[in-house]
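Structure first, then comments.
The values are calculated or read from the model by the stated rules, or taken from the named source; none is laboratory data. Predicted model, so just to flag it, every value in this text is computed and none were measured. Using ideal geometry, Cβ is built from the backbone for each residue, glycine included, and neighbour counts are taken over all protein chains shown.
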Amino acid sequence: MSGGEQLRVAAYCRVSTAQDDQLHSLEHQRRYFAEYISRRPDWALVEIYADRGLSGTTVHRPAFQRMIAAAQAGEIDLILTKEVSRFARNTVDALAHTRALRRIGVGVVFITDNIDTRQNDGEFRLTIMASVAQEESRKTSERVKWGQRRSMEQGVVFGCNNIYGFDLRGGRLTVKPEEAAVIRTVYHKFLHEGKGTYIIARELTGAGIPPPRARDKPWSSTMVLRLLRNEKYCGDLLQKKTCTPDFLDHRKVKNDGREEQVYLRGHHEAIVPREQFDAVQRELARRAPNGQKKRHSARYWCSGKLVCGGCGSRFVPRQRIRADGSMYRFWACRAQVQHGRAGCTMHPVPHSTVCAGMLYLLDRIGIDTGRAATETAALCLKTAGADGEACRAFLQTESLPGGAAYAALPEQITVEERALAVRLRGVPGMFRLQAEDWKRGIFSSCERVQDT
Ligand SMILES: [Zn+2]
């Protein structure tokens, strides 16, 4: 937008269709936004987009979709909306939408929440709201899980009826004879014929045996491996193999110890003898290339975000016990960890220095982290009705106030010679922070580097 021109402003709202709900009628919303916009001579109203249904949870939102399309077409500069909860299904969703809009230069103003995504702390405050909303959601989900866990301990099998070799009805497993025979063949080939999973897969396909769940496709070595690893075939039951760590997108991931598992021995009729199953597990461990790659979950707010400015490798978390017994946490270039100084010569960075750098950056770009965190948390408490103390404790994790919230802020942090180059999500360019004292995490300058 060039100077003097008006900012093209759109408004988004949810309207009630109930006759007696005057406050949430389309007419009332129109007047509200028209008046709000008329107070700004440099603003011009483009359109008021209104979807039916008051909550943001409604899946079908045609007006919202039209508005996003108009923004992408470059017809809107700014979007006004009353509050975060009306804008999207949840705060995390709102954050995703505002980021996408910000990337194409469109700001969003949440009038009641007093958040403007064009301002530097807008993104930060939305991120905190997202973290708190997520925490709230987690607690609700925990209560649901408690009930599910009681049933699991009683041996009720959860999931849909797609376990190869078994029929699942009413939470109980019964053996399917034809598929059980295939499973026994696989165990025999692996253990007694010494064949690998790839060969077994090829032989099964060659024999015309349909694989699990994909009748018209060939067997894969992964399918064979799953049969060899599944404890259900020796009659046991492991509950909670997967869990849903992100309660807002409901995506399932492998439960690598995040949630307690329930293991029931001799839960149902076995397909292979326990001795054979155990022998297969030992054989699998023996044949596996040593040190199977273990994907660690994000343990730090900056996990997976630190990159080596020297060689481009990722930085990995390390720790060492100091002489005085305290723990020293730092990040080092993976190439260096694996191959020593021949791999890469970039110096490691103390975890405390990364934290200090982030705080320094937020301070330099004008985000009062303390105030933003406190105010936003207060807003969250008001809207979500969260428990105040728990919420504050949550925001104070990991030595950074709002450690969890910070996780969403940086997209990448490049480690350079006594400097960190931080790319913030949704913000063009990078911020290069020069350290005065690298070990103690004292930074002396912050320079904005534009993308070339
Ligand atoms: Zn490196």
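The single condition among (1) assigned to a helix (DSSP H, G or I); (2) at pLDDT 90 or above that residue 208 does not meet is (1).
Name every residue in the range 35-47 that is of a type outside the set (D, E, K, R) and farther than 18 Å from residue 75 by Cα, in order of residue number. Once the filter is applied, which keeps residues that are of a type outside the set (D, E, K, R) and farther than 18 Å from residue 75 by Cα, the range 35-47 yields 36, 38, 41.
Within the range 303-315, residues that are part of a loop (DSSP other than H, G, I, E, B) reach partners that are near the ligand (Cβ under 6 Å from one of its atoms) with beta carbons closer than 6 Å, at six or more positions or on different chains, in the pairs 310/344; 310/346; 311/335; 311/344; 313/333; 313/335.
When you scan the range 71-103, how many residues do you find that are at pLDDT below 85 and farther than 16 Å from residue 50 by Cα? Final tally of qualifying residues: 9. Pairing each residue of the range 331-351 that is assigned by TED's automatic domain parsing to the domain that holds residue 418 with any residue that is more than 10 Å from the ligand (Cβ to nearest atom) and part of a helix (DSSP H, G or I), provided the two are 6+ apart or on different chains, yields C-beta distances under 8 Å for 331/351; 331/354. If you check 318, 341 for being surrounded by 13 or more Cβ atoms within 10 Å (Cβ to Cβ) and either charged (D, E, K, R) or out of contact with any Ser or Thr (no Cβ under 6 Å at 6 or more places or on another chain) (or both), only one passes: 318. Taking residue 51 as the residue in question, decide whether it is of a type in the set (D, E, K, R), modelled with pLDDT under 90 and over 30 Å from residue 411 (Cα atoms). Against the criterion (of a type in the set (D, E, K, R), modelled with pLDDT under 90 and over 30 Å from residue 411 (Cα atoms)), residue 51 qualifies.
Residues of the range 180-196 include none that is part of a loop (DSSP other than H, G, I, E, B) and at pLDDT 90 or above.
Only residues that are within 16 Å of residue 282 (Cβ to Cβ) and without any contact (Cβ under 8 Å) to a residue 24 or more places away in the chain were counted across the range 189-206, and they come to 2.
Among the residues making up the range 303-333, those that are more than 12 Å from the ligand (Cβ to nearest atom) and at positive phi are 304, 325.
For the range 440-448, the count of residues that are among the aliphatic types (A, V, I, L, M) and at pLDDT 80 or above is nonzero.
Residue-wise test of (1) at pLDDT below 80; (2) part of a loop (DSSP other than H, G, I, E, B); (3) at positive phi.
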| position | (1), (2), (3) |
| --- | --- |
| 335 | no, no, no |
| 352 | no, no, no |
| 361 | no, no, no |
| 374 | yes, no, no |
| 400 | yes, yes, no |
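So that you can scan it fast, the table gives a plain yes or no per residue for (1) under 30 Å from residue 235 (Cβ atoms); (2) polar (S, T, N, Q); (3) at pLDDT 85 or above:
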{"site": "125", "(1), (2), (3)": "no, no, no"}
{"site": "140", "(1), (2), (3)": "no, yes, no"}
{"site": "149", "(1), (2), (3)": "yes, no, no"}
{"site": "153", "(1), (2), (3)": "yes, no, no"}
{"site": "164", "(1), (2), (3)": "yes, no, yes"}
{"site": "198", "(1), (2), (3)": "yes, no, yes"}
